[in-house]
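Visitor: Before we start, here is the structure in question, set down as structure tokens.
The values are calculated or read from the model by the stated rules, or taken from the named source; none is laboratory data. All of these numbers come straight from a predicted model, not from anything done at the bench. Virtual Cβ from ideal backbone geometry, glycine too; neighbours counted across all protein chains shown.
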Amino acid sequence: MRTEVLKKLQEETEEKYQKFSAKLLPPQIDLLGVRIPKLRQIAKEIAKAGKAEDYLKTPLTELKYQEEFMLYSLLIAQSKSPDKIEQIKNFAPYINSWAVCDVFCSSIKDAKQQQQLYWETFRPFTQSHKEYEIRFFYVMALSYFINEAYLQKIFSLIRAQKYVGFYDKMAVAWLLSMMYVKYPNETETFLQNTPLDKFVFQKSISKICDSFQVKKEAKIHLRTLASKK
């Protein structure tokens with residue numbers, strides 16, 4: 001079935017989009033140039049035709065293009081299978097870009113209703129030696145766990161986090177910026193009193209200051225805070 005789907009993907013490629021996207025991704029990523037809304041549409045068509053599980057039987061080692069990995073992740077995300085958690089866990093080591101990671105996380109909508117299950121299952125990813133597994137957890141956190149029940153738990157994990165690369169650090173900075181928007185006092189206290197990785201700290205402040213939801217006065221204060229560290 002992979003051959004059939006790949007042909008469909010190749011029919012939807014856009015050269016200009018491919019060149020644009022390639023500039024945003026690591027150079028080793030094989031990219032066709034298919035827009036994400038089109039991938040979502042193809043995923044829905046496959047599911048509607050009752051072929052989702054057939055496609056998910058494709059060995060992950062056979063997939064080549066980012067769009068194939070992204071489509072695979074979208075089919076898992078919309079799956080109603082009792083094996084869905086295992087499917088996610090099996091797919092996670094094959095995440096090869098921030099784009100696949102982030103689209104995947106934002107598409108797993110049932111995590112909102114099953115927070116404890118997803119938290120307990122994927123919290124161990126924070127101890128992974130794989131950059132995108134760590135990123136997967138923190139992007140899931142910013143998508144589904146910024147609430148009273150998990151706020152301090154997230155802070156505790158970030159406080160102990162050991163980073164592998166650039167994209168896991170970026171995910172934590174992004175998460176902290178989103179937490180600041182919703183919980184400014186608690187997040188500022190955390191930033192002031194936690195010996196964070198310097199890049200994560202500075203990028204968190206930068207992302208907070210990029211937000212249109214943060215007042216000018218707060219941004220001035222945070223930039224002053226950043227200059228002192």
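Visitor: In the range 207-227, what residues are acidic (D, E) and more than 14 Å from M178 (Cα to Cα)?
Guide: The one that is acidic (D, E) and more than 14 Å from M178 (Cα to Cα): E217.
Visitor: Now a separate question. Would you be able to tell me the number of residues in the range 88-123 that are among the polar types (S, T, N, Q) and not in a helix (DSSP H, G or I)?
Guide: 4
Visitor: Let me ask something else. Restricting attention to the range 32-50, which residues are surrounded by 13 or more Cβ atoms within 10 Å (Cβ to Cβ) and on the phi > 0 side of the Ramachandran plot?
Guide: G33
Visitor: Criterion first (part of a loop (DSSP other than H, G, I, E, B), buried (at least 18 other Cβ atoms within 10 Å of the Cβ) and over 16 Å from the mean Cα position of the chain (by Cα)) does S21 satisfy it?
Guide: Answer is no for this residue.
Visitor: Select from the range 59-72 the residues that are farther than 22 Å from K19 by Cα and crowded, with 17+ Cβ neighbours inside 10 Å and list them in ascending order.
Guide: Result: Y72, single match.
Visitor: Would it be correct to say that L75 is assigned by TED's automatic domain parsing to the domain that holds K57, surrounded by 13 or more Cβ atoms within 10 Å (Cβ to Cβ) and closer than 25 Å to P37 by Cβ?
Guide: yes
Visitor: Looking for whichever is in a helix (DSSP H, G or I) and either at pLDDT below 95 or over 27 Å from A99 (Cβ atoms) (or both) here; the options are T189, T126. Which one fits?
Guide: Checking each option against the conditions leaves just T189.
Visitor: I've got another one for you. Given the structure, is I146 in contact with a helix residue (DSSP H, G or I) (Cβ under 6 Å, 6 or more places away or on another chain), outside any helix (DSSP H, G or I) and within 17 Å of T187 (Cβ to Cβ)?
Guide: Against the criterion (in contact with a helix residue (DSSP H, G or I) (Cβ under 6 Å, 6 or more places away or on another chain), outside any helix (DSSP H, G or I) and within 17 Å of T187 (Cβ to Cβ)), I146 qualifies.
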